[in-house]
Amino acid sequence: MRTFVVLVFAALSGAVAETLFSYGMRSFGEMDWSKPSRWIDLLLVVPRNPHVLVGVIFAAGFFFLYLTALSWADLSYAMPITALSFLFAAIFARVFLGEQVSWHRWVGTALIVAGIMLVVLEGRQRTPGAAARPGPPEEETGAGR
C-alpha cells in the first residue's frame with residue numbers, strides 16, 4: 001500500500017510540475033529553434049519565471065518519489081501507476097489553465113486509468129526472486145577460480 005500511495009503522490013507531483021511548466025511557458029511565447037537567441041531565452045526562463053521554477057521543484061519531487069517506489073517495487077508495477085499523472089494533468093488543465101478538454105481526451109485518459117487499474121488489481125508489486133542488483137554473470141567475475 002505504501003508503494004501505491006508514494007506513486008500516486010509522485011504522479012500528482014508530476015502533473016503539478018507539468019501544469020506549472022505550461023502556465024509559465026505561455027508567457028514565454030512560441031519557441032523558434034531557428035533563432036539561437038531563443039535558446040538562451042529558454043535557458044533563462046527557469047530562474048526568471050516563478051511558475052517554471054516551482055515546476056522544476058515539483059518535477060524533482062516526482063523524481064525522488066519515483067526512485068523511492070522503484071526501491072520497493074518492480075518497474076512494471078511502478079511505471080504504469082505514474083501514468084495517473086495523465087488524469088491529474090487533464091483535470092488541472094481544465095480547472096487551472098482553462099483548457100477545453102475534448103471528450104476524445106477524456107476517453108483516452110479513462111483508458112489509461114483502466115490500464116492502471118489492471119496493474120493494481122494484480123496485487124503483486126515485486127517479482128519473487130528478481131535480482132536486486134544486476135551484475136555480470138558469475139563466470140565473468142572470476143568466482144570459483
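Quick check: is even one residue across segment 70-82 in a helix (DSSP H, G or I), aromatic (Phe, Trp, Tyr) and in contact with a helix residue (DSSP H, G or I) (Cβ under 7 Å, 6 or more places away or on another chain)? Before you say what the answer is, go through the steps one by one.
Restricting attention to segment 70-82, the residues satisfying the condition of being in a helix (DSSP H, G or I) are 70, 75-82.
Now restrict to residues that are aromatic (Phe, Trp, Tyr): 77.
Retained after the next criterion (residues that are in contact with a helix residue (DSSP H, G or I) (Cβ under 7 Å, 6 or more places away or on another chain)): 77.
Within segment 70-82, one or more residues are in a helix (DSSP H, G or I), aromatic (Phe, Trp, Tyr) and in contact with a helix residue (DSSP H, G or I) (Cβ under 7 Å, 6 or more places away or on another chain).
The rows are residues; the columns are (1) in contact with an Asp or Glu (Cβ under 7 Å, 6 or more places away or on another chain); (2) assigned to a helix (DSSP H, G or I); (3) within 30 Å of Asp74 (Cα to Cα).
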position	(1), (2), (3)
Val8	no, yes, yes
Ser13	no, yes, yes
Ala17	no, yes, yes
Gly29	no, no, no
Asp32	no, no, no
Arg38	yes, yes, no
Val52	no, yes, no
Gly55	no, yes, yes
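Name the one entry in Phe88, Phe96, Phe63 that is buried (at least 17 other Cβ atoms within 10 Å of the Cβ), within 30 Å of Leu118 (Cα to Cα), of a type in the set (Phe, Trp, Tyr) and modelled with pLDDT of 95 or more. Full working, then the answer.
Details: Phe96 fails: buried (at least 17 other Cβ atoms within 10 Å of the Cβ); Phe63 fails: buried (at least 17 other Cβ atoms within 10 Å of the Cβ).
Selected residue: Phe88, the only one of Phe88, Phe96, Phe63 that is buried (at least 17 other Cβ atoms within 10 Å of the Cβ), within 30 Å of Leu118 (Cα to Cα), of a type in the set (Phe, Trp, Tyr) and modelled with pLDDT of 95 or more.
Name the residues in segment 96-105 that are more than 21 Å from Tyr23 (Cα to Cα) and hydrophobic (A, V, I, L, M, F, W, C), would you? Write out each step before concluding.
First, the residues of segment 96-105 that are more than 21 Å from Tyr23 (Cα to Cα): 103-104.
Once the filter is applied, which keeps residues that are more than 21 Å from Tyr23 (Cα to Cα) and hydrophobic (A, V, I, L, M, F, W, C), segment 96-105 yields only Trp103.
Do we have Val5 as among the β-branched types (Val, Ile, Thr) and farther than 16 Å from Phe88 by Cβ here?
Details: among the β-branched types (Val, Ile, Thr): yes; farther than 16 Å from Phe88 by Cβ: no.
The answer is no for Val5.
Given the condition closer than 16 Å to Thr3 by Cβ, free of Cβ contacts under 8 Å to residues at least 24 places away in the same chain and either touching a Gly at 6+ places or on another chain (Cβ under 6 Å) or among the small types (Gly, Ala, Ser) (or both), answer yes or no: does some residue in segment 56-72 qualify? So far as segment 56-72 goes, yes, one or more of its residues are closer than 16 Å to Thr3 by Cβ, free of Cβ contacts under 8 Å to residues at least 24 places away in the same chain and either touching a Gly at 6+ places or on another chain (Cβ under 6 Å) or among the small types (Gly, Ala, Ser) (or both).
The values are calculated or read from the model by the stated rules, or taken from the named source; none is laboratory data. All values derive from a computational prediction rather than experimental measurement. Using ideal geometry, Cβ is built from the backbone for each residue, glycine included, and neighbour counts are taken over all protein chains shown.
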